[in-house]
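The values are calculated or read from the model by the stated rules, or taken from the named source; none is laboratory data. Predicted model, so just to flag it, every value in this text is computed and none were measured. Every residue, glycine as well, gets a Cβ built from its backbone with ideal geometry; the counts of neighbours run over all protein chains shown.
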Amino acid sequence: MAAIAVWTIPSGLQAGGWLATATPTSTTGSAPAAVPASSQAAPETGEPQAPVTLDASGKQTIVLTVTDFYVPTAFTAKAHVPTTLVLRGADAGGCARAFTIPELGIEEIVKKNGDTRIDLGARKPGKLLFSCAMGMQGGAIDFQGGRA
């Protein structure tokens, strides 16, 4: 019984937003790439899209692909820039569909196939943690620099 309790502590901490899950070995999204809106690939084209993009109007989009896992699990994005997080369901299943950002009180059920958009606003520098509702998997968006 004690072993089970010890095993579930990290999941509880992660679900509550107190434990970062993104590690240096995690799949990391790149810093925002300036991409004209007309050249951004739609999911139907099959062309890869950078996980973090900045459009001509100065709005930032972060794309998190949700299957049974989150890919990538760590992003670097610009602070002080209006940001939209797109949860891209790609045959999403399991607890990964129950997406949470504890710090913001966000709880979303990701579409099995399709996009769920979350407005994050213009964030201050720092890490924003996300996880599944069970705390079994998650990651972080590291907002850096940007204009004040």
Selection within the range 101-148 - β-branched (Val, Ile, Thr) and crowded, with 19+ Cβ neighbours inside 10 Å: ILE101, VAL110, ILE141
Pairs with Cβ under 9 Å, 6+ apart, first in the range 105-116 and in a loop (DSSP other than H, G, I, E, B), second of a type in the set (Val, Ile, Thr): VAL110/VAL66; VAL110/THR116; LYS111/VAL66
Residue under evaluation GLY93, criteria (1) over 14 Å from the mean Cα position of the chain (by Cα); (2) crowded, with 16+ Cβ neighbours inside 10 Å, criterion not met: (2)
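Out of contact with any helix residue (DSSP H, G or I) (no Cβ under 9 Å at 6 or more places or on another chain), surrounded by fewer than 20 Cβ atoms within 10 Å (Cβ to Cβ) and modelled with pLDDT of 95 or more: does that describe LEU64? Before you say what the answer is, go through the steps one by one.
Working: out of contact with any helix residue (DSSP H, G or I) (no Cβ under 9 Å at 6 or more places or on another chain): yes; surrounded by fewer than 20 Cβ atoms within 10 Å (Cβ to Cβ): no; modelled with pLDDT of 95 or more: yes.
Judged against the criteria, LEU64 is not a match.
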